[in-house]
Amino acid sequence: MVKSIVIILLLKLIAGLTLISAMQLKIPPMDQVEPREFLEMRKLQSLSLEFTQQFKNITLKDLEIPSERIPSLQDLQCLADVGLWMSGISSASMWSIKMIDAWGSKPAGILSLNVIDLGNYEQCININQLIATNHAIKGKYCMTEISLAKMLGIESTIIHSVNLKIGVCFPSSCSSSNMDTLLNRAIQSLFNVTLSGELINSDTCQTADREAFPGLTIFTIVLLSVFGALALLATLYDYFICQDQSQLPVLIKIFSIRASSRALFRTTNPKSNPNVIDCLHGMRCMSLFWVVFGHEYMFAFAQPNVNQWSIYHWIQQPFQNLIVHAAFSVDTFFFLSGLLVIMIALRSMDKTKGKLNVPLMYLHRYLRLAPLVGVAMLVYVQLLPLLVSGPVANIGVDDYEKCERTWFWSLLFVQNYATTDICLGHTWYLGVDMQLYLLSPIFLFTLYKWGKKAAIGIVILMILLLVWMFTLMMVKEYSVYYRNGFGPADSNRWLYFSTHLHATPWLVGAVFGYFLHVNRGKSFKLTPLMVWAGWLLSLAIIFACEFSLVGYDKFGGPQLTMLGDALYYTLTRLGWPLALCWVVFACMQGYGGMANSFLSCPLWQPLSKLSYSVYIWHILIQEINVRRIQTNTYFSDYEVMLKFWSDFGFTVLVSYATYVTIEAPLGGLESLLLSRSKPSPVAKAVPEIIKVEKNPISIENVDLEAAPIPTKITTGIEIETAADKASTSAAAETNDPQMNPN
C-alpha cells in the first residue's frame, strides 16, 4: 500500500509538471528588433519580383564572369535558359511562372524566429519544359542563406547571428556560383548592399534527375531480398507443407517467420519462477520509450519551425528536464548490463568450478551485435537517400560521408575513441558496452575467487573513476551543461563517450549483481518503515538527478559554476544506478507494489526482445521523416508526442521485420553451429553465459545546424542511450536468459 501511494504521488507530480509547463509556454517578444529593421526585412517579400525585373534583359555581363576566364558552355547555357525563363514570364508562359512562383520569400513570423521559407520544392523540380528537340529546361531547387546582420546592418543581440534561409528555383543548367551572382545582384538592388560569401549551398540543390544505382546499393537491395526470400520460403513451407511442428526441419524453423514470431510473442508468467527478474523487462522498455522520445525532441529542434523562438522558453520549463536529462536512460542500461553479465556468469561459473570460455563469449557477443549494425549502415548510406525527397533532404541531421570514412570503426566497436565522426552516431554506446563486456572476465574471475574483497576493490575503482572525472572537469573545464553558450567542443567525447568515465553505472550494476548472486533465494524481511525509507530515498535521488538544476536553466539567471557542474555530473553518475538498485531489490523481494506489477507485466516481454532492433532503427525512421518535410512545422509538446507515437509505431514494425528475417535467423544459425561443434570441458559451461546480451540504446549526435538557435542545452540533449538486447531465435529457448538467471 505504501509503495502504491508513493508511485501515485510520483505520477501526479510528473503530470502536474507537464501541465504547468504546457500552460506557461508563451513566446517572449523579440523587443530588441527595431521597427525600422523589421520594415527593411519586409523588402524580401518582393525578392522574386525584383529578380524578374532585374534580369528582364539578361546579358553575359550579369553573370560577372572574371575577365581572365572564358565563359564555359555551362555558363552560356545558364544564360540562355534564364533569358528564356524571363521571356516566358513576360509572355505569361505557365512553366516560367511556376518557376518563379516556387520561390520562397520573407518568412512569416520572423519575430518568432521563423527564419526559413522553403518555397515549393515539388513544383520546382517537376518543371520540365521542352525547348528544342535536344534540350529541355528543368527546375533546380536550392536553398539560399542570407545573413540578416550583413544585409540590414542589425546590431541586435538576438538576431545578429541569424540567417534567413529561402528556397529558390532556377534552371538546372545554372551552377551555384551562377545563382550566387544573380541573387547578389537582386539583393543589392533591394538593400543597396553587396553580400560576400556563398549565398547558395550547392549541397542543398536538387533536381528530379536520379543517378543510376551504384554497385553497393544494388548489393544492399540483393542482400535484403535474399534474407526476405529465405524467410518467405521457410514460412510457406512451415505453414502449408509441414503441419507437425515437431517434424519441422531445423533450418526451416530458423528462417520461418511463423516460428520466430511464436518465440517473440511467447510470454512467461512472472510467478512461474521466483528467480526470474521480470521487472527488468519493464525497466528496459520504459528506458527505450525515454530514448526515442528524447530523440524526437532533438529532431523537432532541428526542423524549420514557425515558432522557433518558443524553444528558448520551453528550455526554461520544469518539464524539459525530463527530456534534457534523458541521458540517464544510458546509465540505466549500463546498470542493467553490469548486473546481468555478472550475476548470470557467476551462477554458471558455480556449476563449472570457475571455468569460463572467454573466446566463445566474445565471439557470441560480436555475432549478435555486428550483423544488424552492418545492415543498418548499408541501409543508411545506400537506401535512405532513395527514400527521401524534399527541400531539406540533403541538409544534414547526419552526414552520409561519415559512414564512408569511419564505418569500420563501428564494426570494431571502438568508434567512441577512434573517431569524432561516428557512423550512425547513436551507436557510440555499442562501443562502450562492448568494451565493458570485454573487460567483464576480469571482474568475473576476481569476484569468483576473492568474493567480497573483489567487490570492495570494484567499489574503490568506482570512487577513483569518479575522482578522475571530477578532476578532469575542473582542470579542463569540460562542461556538460549548456545554456547561454557552449562548453569545450570535446566535452562530449571525453566525458560522455569515454568508456572509463562511463563505467560507474556498469560497475554499480556489477556489484549489485554479485550481491544478488550471493543472496540467491534469500528472503529479506523489512519493516514498513524500512520500505518507506527505501522508496523515499530512491525517489529523492531520482528527482534530484532530474530536477536539481531547475533555476539554472533560466536565461539571464544565475550561472552554474564549474564546481557545481562537476559535482552534479559526478554525483548523479553514481546516484542514479544506486536508486535503481533499490527498485530492482524491492521488486524482487515483494516490496514493489504497483511498480513491480507494472514493470513485471508479461506484455513488456515481446517489446523487450525487440529493443535492440528498435534502438538501431528508430533514428533512421525519425531522420527519414525529418528529411521528407515539405513545409514549415510547429513546435509544441503535443506535436512532438504525435510524431513520437507515429515514429515509434513504424519503428516497431521495421524492427519486427528485421528481427524475424535477419536477427533471429542469424542467432539461430549461430546456436546451431555452436551446438554441432565438438564440446570441450570448458565449452560446456558457456551456453548460459553466451546468451547474455547487453545491447545499448543510445542517442546520437545530431547536427542541429538547421536550427537557427543553440539547441545543445546539456549533454542530455545529445541523448545517447542504450537498450538491452534480448534476441530469441526461433530454435532458442522461450525464456529470455537475461531475465532468467537460472
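Full extension of the chain segment joining Arg210 with Leu236 gains 5.7 nm, where the gain is 0.36 nm per residue of separation less the Cα-Cα distance. With 0.36 nm allotted per residue and the present C-alpha distance subtracted, the Leu411-Ile456 stretch has 12.7 nm of extension available. If R0 is taken as 56 Å, the Cβ-Cβ distance between Val358 and Leu526 corresponds to a FRET efficiency of 0.90. Using the Cβ-Cβ distance between Asn192 and Leu111 with R0 set to 22 Å, the FRET efficiency works out to roughly 0.40.
Simple spin-label estimate for Ala540 and Lys476 gives 3.4 nm between the two label positions (7 Å along the Cα-to-Cβ direction from each Cα).
The GluC sites (Glu not before Pro) of the stretch 38-83 that DSSP puts in a loop, and whose beta carbon has at most 13 other beta carbons within 10 Å, are Glu64, Glu68. Cross-link pairs exceeding 25 Å between alpha carbons, from the set Lys61/Lys140; Lys353/Lys522; Lys61/Lys106; Lys150/Lys643; Lys98/Lys402: Lys61/Lys106; Lys150/Lys643; Lys98/Lys402.
Looking at the square roots a ≥ b ≥ c of the eigenvalues of the Cα gyration tensor of the stretch 270-395, which shape do they give, rounded for a/c under 1.5, prolate if a/b is larger than b/c, or oblate? The shape class here is oblate.
Remark: spin-label model distance Phe289-Trp468 equals 3.6 nm, labels positioned 7 Å along the Cα→Cβ axis.
The charge dipole of the stretch 35-204, taken about its Cα centre with unit charges on the Cβ of Lys, Arg, Asp and Glu (plus for the first two, minus for the last two), comes to roughly 300 debye. Here the simple spin-label model places points 7 Å from the Cα toward Cβ, and for Asp244 and Thr420 these points are separated by 6.5 nm. Using the alpha-carbon positions of the stretch 35-204, Rg (one decimal) and Dmax (whole number) come out as 16.1, 55 Å.
Values in this text are rule-based calculations from the coordinates and carry no lab data. Not measured: the values here are computed from a predicted model. Cβ atoms come from the backbone with ideal geometry, glycine included; neighbour counts cover every protein chain shown.
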